[in-house]
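Report on the structure given below.
The values are calculated or read from the model by the stated rules, or taken from the named source; none is laboratory data. For clarity, every value in this text was computed on a predicted model and none was experimentally measured. Cβ placement follows ideal geometry from the backbone for every residue including glycine, while neighbour counts extend to all protein chains displayed. For the accessible areas, the whole protein counts, side chains as well, though only heavy atoms, and no ligand, DNA or RNA atoms are used. Shrake-Rupley method; radii C 1.70, N 1.55, O 1.52, S 1.80 Å.
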Amino acid sequence: MRSKRFGSSTGHTDKLITEMNFEDTLKHFGIQLRRKNPKTLQINVGKLCNQSCIHCHVDAGPKRTEMMSTKTADRILDLLARMPSIELVDFTGGAPELHPAFRYMIHRVRSLGRRVIDRCNLTVLQAKGQEDLAEFFRDHCVEVVASLPCYSRENVDKQRGRNVFDKSIDALRRLNSLGYGQEGSRLRLDLVYNPGGAFLPPSQKELENQYKKELWEQFGIVFNQLCTMVNMPIKRWGEYLVHTGQAEGYRELLVNAFNPQTIDNVMCRTLISVSWNGRVYDCDFNQMLEIPVGGRLRTIWDIESFEEFKHDFIATGAHCFGCAAGAGSSCGGSLV
């Protein structure tokens, strides 16, 4: 494998990018990566966040100012109303809850009868002005997908910041008290595991069993499902790998772990990703790398329906090996 230097996306350092052609790998296995009918609309409302996690592929944080306008939000929701095949709207950021129009957007999506997921870092439930956020989630049947990279205080605080673990446990207890994660409840609570180093996640089911055991025995916490996700070697996590001398080795790990059985279920087949500025992408990772949907820049103002992307070829890059490594990785966890 050859190597090539590219400028850093954050401007701090050059990145060593190993040239690995994902498209050629698909051809080797006789696979064509095309879109199916869109079922999920993922909306990134901005990069403002109350945390700055090491593994963040968005490079989000408290000082980021990128934020979706209300005009853009309304256009996205108008397009959603025209697309009944989209069953699920997935809100992400940053911390999406910090967007001033977040609750307004939830109201509109729920009025259309669509399911809603909020990708929550848990500590935002204790942020100023968010004191009633958990009750808002409950009242609008928002499904919470919460990041908790470990059931250990030491590991979580190392990856996400001091005292994050204790705040996360308090938030989970509060959600449980409202019915989230409880047996027979319609309020779904899923947790997300991200590896704390340059390695792949373990078996999702085995780790889920361990999470459930530890969180129940230590804190009396319950949840529905654990989603294991591969850390993508882009943005802040990519920079960390470069600074620690692990970038090339990690990318080789992803390539060597390529599993063709994951491709049928990769999220980009049925997901539309829209950025805070209205640009359309095949997935959240392509969005962060500014690789437009189908390889051609389009915005929500250029289309009349999300159905226009049906059957398009999906734009790929070296980072796509992360979604196809081992058991695979998507916003919903492992793929096989």
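Data overview
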read-out: Residue-wise HN-Hα coupling along region 119-125, computed from phi with Karplus coefficients 6.51, -1.76, 1.60 (Hz; x: Gly, Pro); value: 8, 10, 8, 6, 5, 5, 5
read-out: Over the chain: helical MRE at 222 nm, DSSP H runs n ≥ 4 each giving -39500 (n - 2.57), nearest 500; value: -8500 deg cm²/dmol
read-out: Per residue accessible area in Å² of the chain, where ligands, DNA and RNA are left out and the probe is 1.4 Å; value: 43 Å²
read-out: Calculated Rg and Dmax of the chain using C-alpha coordinates, Å; value: 19.1, 54
read-out: Accessible surface of the chain, 1.4 Å probe, proportion on carbon and sulfur as whole %; value: 48 percent
read-out: Top of 31, 314, 272 by mean-square fluctuation, Gaussian network on the chain, Cα under 10 Å; value: 31
read-out: Long-range amide H partners of residue 187 with built H, under 5 Å; value: 181
read-out: Neighbourhood net charge (15 Å Cβ-Cβ; Lys/Arg +1, Asp/Glu -1) for residue 78; value: 0
read-out: Reachable aspartates and glutamates, given that their alpha-carbon falls under 13 Å from the alpha-carbon of residue 39 and they are not under 8 places away in the same chain; value: 87, 90, 282, 307
read-out: Euclidean distance of C-alpha centroids, region 60-105 and region 235-258, integer Å; value: 31 Å
read-out: Summed side-chain charge close to residue 31 - residues other than residue 31 whose Cβ falls under 15 Å, Lys, Arg +1, Asp, Glu -1; value: +2
read-out: Entries in 47/71; 167/213; 27/205; 205/310; 63/212 that, when Cα-Cα distance is taken, lie over 23 Å; value: 27/205; 205/310; 63/212
read-out: Volume per residue that the Cα convex hull of region 127-188 spans, once the total is divided by residue count, Å³; value: 86 Å³
read-out: Gyration tensor (Cα) of region 216-291, equivalent ellipsoid semi-axes in angstrom; value: 24, 22, 17
read-out: The chain - percent relative contact order, Cα under 8 Å, separation 6 or more; value: 23 percent
read-out: Cβ-defined net charge surrounding residue 163, 13 Å radius [Lys, Arg +1; Asp, Glu -1]; value: +1
